[in-house]
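The values are calculated or read from the model by the stated rules, or taken from the named source; none is laboratory data. Because the structure is predicted, anything quoted here is derived from the model rather than measured. Please note: Cβ atoms are built from the backbone with ideal geometry, for glycine as well, and neighbour counts cover all protein chains shown. Surface accessibility is based on the protein's heavy atoms, side chains included, excluding ligands, DNA and RNA. Shrake-Rupley method; radii C 1.70, N 1.55, O 1.52, S 1.80 Å.
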Amino acid sequence: MKVLKFGGTSVGSAENIRKVKQIVESQSDDVIVVVSALGGITDKVLNASRMAVLGTEYFNTEITTIKERHGEVVDQLFEGEKREKVKNDVAILLDELEKVIIGVSMIGELTPKTLDKIGGFGERLSSLIIGEFITNACWKDSSQLIKTDSNFGKAQVDFSLTNENIKEAFKGFSGICIAPGFVSSNSEGEFTTLGRGGSDYTASIYAAALDADILEIWTDVDGFMTADPRVIRKAYTIKSLSYSEAMELSHFGAKVIYPPTILPVYQKGIPVQIKNTMKPEAEGTLITGSDLNGKDLPIKGISSISNISLVTVQGLGMVGVTGISMRLFGALAKADVNVILISQASSENSISFAIDSSKEKIAEEVINAEFEREITTEQINKLVIENGLSIVAIVGENMKHTTGIAGKLFNTIGKNGINVVAIAQGASELNISWVVKDGDLRKTLNVVHESFFLSENAELNVFLLGIGLVGGNLLKQLEQQQAKLLKEKHLKLKLVGVANSKKMLLDRDGIEISSFKERMESEGERSGLEAFQKAVIDLNVFNSVFVDCTANDQAADLYEGLLNANVSIVTANKVAASSAYDNYFKLKKIAKRKGIKFLFETNVGAGLPIINTLNDLINAGDEILKIEAVLSGTLNYIFNTISSEVPFSKTIQMAKEEGYSEPDPRIDLSGIDVVRKLLILVRESGYRIEKEDVKINTFVPEKYFEGEVGNFWSGIPELDIDFEARRKVLEDESKCWRFVAKYENGNAEVGLQEIEQGHPFFDLQGSNNLVMFTTERYHEFPMIIKGYGAGAEVTAAGVFADIIRVSNI
């Protein structure tokens with residue numbers, strides 16, 4: 001047995017009803033057909049009732065339109081005596097509807113009970129017409145079979161009684177039976193309705209009660225699409241979905257089904273097929289307990305909801321307080337405010353949630369009332385409400401089996417200058433949802449769909465200069481990830497050139513990373529910076545990237561020629577980006593003009609996404625007002641390690657042994673490295689600045705920077721006593737040292753600062769870096785980026801990330 005449900009558009013005209021007849025009569029199985037009202041009729045019925053309660057006569061116009069519409073359909077479908085019979089049956093129902101609405105007009109009241117009686121007339125009328133039109137079809141009154149409580153407007157189904165009624169009514173059934181959707185009744189026989197998506201719900205109830213083989217929902221689209229085809233012209237039909245995926249896509253705006261309506265069939269494990277009445281030959285979308293045909297697709301579809309408001313409740317008084325969320329969402333529930341998305345900071349000091357914009361004022365009132373005491377005592381700040389927003393969601397059960405989805409997603413969005421207002425992801429990893437401005441919605445949907453659904457295998461040819469600590473770690477990571485990237489990202493990373501200070505090896509067909517050292521030794525040519533640059537350009541391979549993992553000043557001189565030859569640059573070398581501003585700007589300009597990349601994420605913060613995030617802010621129209629940062633992993637390690645047992649000079653030695661410092665640690669101690677990083681951040685923020693513009697407040701006397709490095713090591717212990725005395729004072733005052741870089745109002749400086757407990761810099765562990773951006777948008781609460789800021793492995797990981805970004809050109 002099958003249950004077929006036809007929506008309002010599918011039965012919206014005589015022509016479409018003829019298509020329904022063809023579909024139903026072509027079925028080889030016994031079928032129960034559930035129908036909605038003729039398209040638009042329910043809205044007219046409800047509109048007439050609302051006009052009536054206002055005491056106006058305008059409801060007569062709607063009644064006349066409803067009568068004419070049904071009369072036209074009957075005239076076109078039937079002839080002779082059959083036409084007169086159906087017209088008479090329809091007229092009886094229409095007269096009943098008119099009497100009820102006149103009654104509403106006379107008493108000036110429209111109760112939920114009356115509204116439920118009025119609301120189901122459209123389905124009763126359409127099912128009567130279609131039941132007479134389809135050959136040898138019986139008709140069952142859903143309102144007598146589906147029993148609910150008496151909570152008019154929000155009636156709950158009594159499944160025990162309903163299932164018993166349906167099984168009894170269809171005992172021994174065969175053939176075709178028509179039933180109205182949406183309608184039901186209580187134990188007193190009074191009409192109730194099943195709410196939004198009620199006809200789908202009706203069909204689902206019938207299918208579950210009768211253990212149908214399948215529920216087919218016939219509508220005006222081919223099925224679930226990868227995205228809204230009105231926005232994304234290249235969107236295509238999804239062949240199969242799991243119940244969970246279908247519910248998630250529907251929740252976030254894909255109006256194919258209403259999620260709660262398929263709960264009965266979901267509980268019984270009955271498949272649901274979405275079909276197009278206008279194109280019955282189309283395969284449609286099959287919804288089952290598990291997706292059988294999409295295991296290679298981590299993302300199944302993109303959905304969105306517009307006209308969203310984002311409400312943020314924030315305050316230090318929320319931290320660690322039990323019951324805040326319960327009170328918040330309980331108050332919203334009592335006010336019938338549906339929460340669509342929730343995003344909460346792990347610090348517990350803020351909760352953001354998205355609601356329909358029409359509920360914004362109600363939400364504000366109930367929250368202010370619920371937290372009046374906390375707001376008055378400033379434990380909770382004044383509500384922040386942002387309007388003109390949309391929610392976008394990507395959905396797919398296989399996301400939990402695929403790493404890097406979120407990274408690829410937000411990289412794609414950020415590259416296109418789209419500002420993400422809020423993010424939410426459940427632990428099930430079934431969807432990732434985020435909030436953007438309404439004006440960015442179309443752009444967001446297009447770039448995400450293009451990235452996840454239409455990309456073919458991309459090939460990126462890599463030339464690597466420098467195979468020391470960073471370069472060596474990068475090669476290990478490339479080797480470990482190559483197969484995975486090809487399989488999961490459709491990205492083929494191919495090493496075609498590698499060079500150190502002595503030799504270079506090039507092969508356009510690719511170099512196996514596992515054996516590159518042996519090949520380099522036996523086949524490698526004599527190396528040199530200019531020679532390697534010429535070899536890269538002469539090889540002239542497409543989609544190529546030059547990766548600089550050296551600290552060589554002269555290596556940066558190669559970049560201009562490579563960029564002009566359409567070779568992208570990824571560099572861990574800070575020299576170019578911190579050189580004269582005109583040179584930095586020229587390289588950026590060439591890359592932009594050529595449509596290639598000049599990336600140097602690891603120049604600041606090793607593997608931390610500092611520069612890329614900064615670029616996203618700027619591209620989204622934000623303005624950087626202030627930068628405060630701890631940018632030296634070496635110095636942070638030193639000042640985190642220094643103690644009464646470990647003197648200052650010893651910490652410097654330890655930093656060198658751990659691989660944090662340069663071979664000559666005076667480079668780190670001088671602050672020059674931090675100056676370079678600050679220069680890069682300020683420039684990437686859109687400001688012109690030179691090295692000479694940065695004030696350096698040194699903490700080691702100048703004499704220790706003179707002469708050979710051996711003299712430094714022998715003399716630096718002289719400072720231990722002074723540093724220990726100062727350190728002890730800091731410890732007593734609950735302070736610590738941090739070497740801080742700062743830029744504000746055109747002034748840039750770096751130097752050792754005393755940091756008080758409670759400041760974001762205070763708890764910075766080990767060699768970690770931390771950057772705070774104060775912007776036009778992140779003004780009251782600066783954006784903070786924190787994590788490992790030194791080390792070959794994380795730096796190599798940052799270079800790796802830049803290489804992946806190049807593949808998305």
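Asn808 meets all of the listed conditions (1) modelled with pLDDT of 95 or more; (2) of a type outside the set (Lys, Arg); (3) within 30 Å of Asn461 (Cβ to Cβ) but one, namely (1). Checked against (1) surrounded by 18 or more Cβ atoms within 10 Å (Cβ to Cβ); (2) touching a residue at least 24 places away in the same chain (Cβ under 8 Å); (3) over 25 Å from Thr402 (Cβ atoms), Ser514 passes all but condition (1). Among the numbered criteria (1) out of contact with any His (no Cβ under 9 Å at 6 or more places or on another chain); (2) modelled with pLDDT of 85 or more, which one does Lys415 miss? Of the numbered conditions (1) out of contact with any His (no Cβ under 9 Å at 6 or more places or on another chain); (2) modelled with pLDDT of 85 or more, the odd one out for Lys415 is (2). Does Glu733 satisfy being closer than 28 Å to Arg676 by Cβ and among the charged types (D, E, K, R)? When the stated conditions are applied, Glu733 does not pass them. Entry remark, the range 665-677: residues being open to solvent by 40 Å² or more (accessible area, probe 1.4 Å) and over 40 Å from the mean Cα position of the chain (by Cα) number 1 in total.
Output the residues belonging to the range 609-644 that are open to solvent by less than 10 Å² (accessible area, probe 1.4 Å), closer than 21 Å to Asp673 by Cβ and in a strand (DSSP E or B). Residues satisfying the conditions are Ile627, Ala629, Val630. Taking Arg50, is it free of Cβ contacts under 8 Å to residues at least 60 places away in the same chain, assigned to a helix (DSSP H, G or I) and on the phi < 0 side of the Ramachandran plot? No; evaluated as a whole, the condition is false for this residue. Of the residues making up the range 429-474, just one is of a type in the set (S, T, N, Q), open to solvent by 30 Å² or more (accessible area, probe 1.4 Å) and at pLDDT 85 or above, namely Asn473.
Within the range 218-239, identify whether any single residue is closer than 21 Å to Ala282 by Cα, of a type in the set (S, T, N, Q), out of contact with any Lys or Arg (no Cβ under 9 Å at 6 or more places or on another chain) and at pLDDT 85 or above, and answer yes or no. Yes, that holds for at least one residue. Can we say Asn151 is in a helix (DSSP H, G or I) and either open to solvent by 30 Å² or more (accessible area, probe 1.4 Å) or under 20 Å from Val90 (Cβ atoms) (or both)? So Asn151 does not fit the description; no. Selection over the range 556-578 of residues that are among the hydrophobic types (A, V, I, L, M, F, W, C), farther than 22 Å from Thr795 by Cβ and either open to solvent by 10 Å² or more (accessible area, probe 1.4 Å) or not in a helix (DSSP H, G or I) (or both) gives a count of 1. Restricting the range 764-773 to residues that are open to solvent by 10 Å² or more (accessible area, probe 1.4 Å) and assigned to a loop (DSSP other than H, G, I, E, B), which is farthest from Asp668 (Cα to Cα)? Only one residue fits best here, namely Gln765. Figure legend. Inter-residue proximity from the range 33-44: first residues more than 19 Å from Leu115 (Cα to Cα), second residues open to solvent by 10 Å² or more (accessible area, probe 1.4 Å) and at pLDDT 95 or above, beta-carbon distance below 6 Å, spacing 6+ or different chains. Indicated pairs: Val34/Lys5.
For the range 163-177, the condition holds for no residue, the condition being that it is out of contact with any Lys or Arg (no Cβ under 9 Å at 6 or more places or on another chain), surrounded by 23 or more Cβ atoms within 10 Å (Cβ to Cβ) and of a type in the set (Ser, Thr, Tyr). When you scan the range 527-534, do you find a residue that is on the phi < 0 side of the Ramachandran plot, hydroxyl-bearing (Ser, Thr, Tyr), crowded, with 16+ Cβ neighbours inside 10 Å and in contact (Cβ under 8 Å) with a residue 40 or more places away in the chain, even just one? No; the residues of the range 527-534 include none that is on the phi < 0 side of the Ramachandran plot, hydroxyl-bearing (Ser, Thr, Tyr), crowded, with 16+ Cβ neighbours inside 10 Å and in contact (Cβ under 8 Å) with a residue 40 or more places away in the chain.
Go through the residues of the range 755-766 one by one and say whether even a single one is of a type in the set (A, V, I, L, M) and over 24 Å from the mean Cα position of the chain (by Cα). Yes; the residues of the range 755-766 include at least one that is of a type in the set (A, V, I, L, M) and over 24 Å from the mean Cα position of the chain (by Cα). Checking Gly524, Gly607 one by one, the residue that is touching a Leu at 6+ places or on another chain (Cβ under 7 Å), among the small types (Gly, Ala, Ser) and within 23 Å of Leu478 (Cα to Cα) is Gly524 and no other.
There is at least one residue in the range 666-676 that is at pLDDT below 90 and either part of a helix (DSSP H, G or I) or of a type in the set (Phe, Trp, Tyr) (or both). Taking the conditions (1) crowded, with 21+ Cβ neighbours inside 10 Å; (2) at pLDDT below 95 in turn, Ile680 satisfies each one other than (2).
Beta carbons closer than 7 Å, at least 6 apart along the sequence or on distinct chains, pair a first residue in the range 364-389 that is farther than 20 Å from Glu780 by Cβ with a second that is small (Gly, Ala, Ser) for Val366/Ala331; Val366/Ala335; Glu370/Ala331.
On inspection, Ser127 fails the criterion of being at pLDDT below 95, within 27 Å of Ala48 (Cα to Cα) and not aromatic (Phe, Trp, Tyr).
Looking for something under 27 Å from Ser433 (Cα atoms), assigned to a helix (DSSP H, G or I) and touching a strand residue (DSSP E or B) at 6+ places or on another chain (Cβ under 9 Å) - is there at least one such residue anywhere in the range 452-464? Yes, the range 452-464 contains at least one residue that is under 27 Å from Ser433 (Cα atoms), assigned to a helix (DSSP H, G or I) and touching a strand residue (DSSP E or B) at 6+ places or on another chain (Cβ under 9 Å). When the range 53-81 is filtered for residues that are in a loop (DSSP other than H, G, I, E, B) and over 46 Å from the mean Cα position of the chain (by Cα), the ones remaining, listed by number, are Gly55, Thr56, Glu57, Tyr58, Phe78, Glu79.
With respect to the conditions (1) farther than 15 Å from Leu128 by Cβ; (2) assigned to a helix (DSSP H, G or I); (3) not basic (Lys, Arg), Glu84 lacks only one, and its number is (1). Entry remark, the range 535-552: residues being over 20 Å from Glu459 (Cβ atoms) and either modelled with pLDDT of 90 or more or open to solvent by less than 40 Å² (accessible area, probe 1.4 Å) (or both) number 4 in total. Selection of the range 182-229 for residues being β-branched (Val, Ile, Thr) and under 36 Å from the mean Cα position of the chain (by Cα) yields Thr193, Thr202, Ile205, Ile214, Ile217, Thr219, Val221, Thr226. Restricting attention to the range 774-794, does a residue exist that is open to solvent by 90 Å² or more (accessible area, probe 1.4 Å), under 29 Å from Ile689 (Cβ atoms) and in contact with a Lys or Arg (Cβ under 7 Å, 6 or more places away or on another chain)? No; the residues of the range 774-794 include none that is open to solvent by 90 Å² or more (accessible area, probe 1.4 Å), under 29 Å from Ile689 (Cβ atoms) and in contact with a Lys or Arg (Cβ under 7 Å, 6 or more places away or on another chain). The residues of the range 101-126 that are part of a helix (DSSP H, G or I), out of contact with any strand residue (DSSP E or B) (no Cβ under 7 Å at 6 or more places or on another chain) and of a type in the set (Ser, Thr, Tyr), listed by number, are Ser105, Thr114. Quick check on the range 215-231. Is at least one of its residues open to solvent by less than 40 Å² (accessible area, probe 1.4 Å), at positive phi and either assigned to a strand (DSSP E or B) or not β-branched (Val, Ile, Thr) (or both)? So far as the range 215-231 goes, yes, one or more of its residues are open to solvent by less than 40 Å² (accessible area, probe 1.4 Å), at positive phi and either assigned to a strand (DSSP E or B) or not β-branched (Val, Ile, Thr) (or both).
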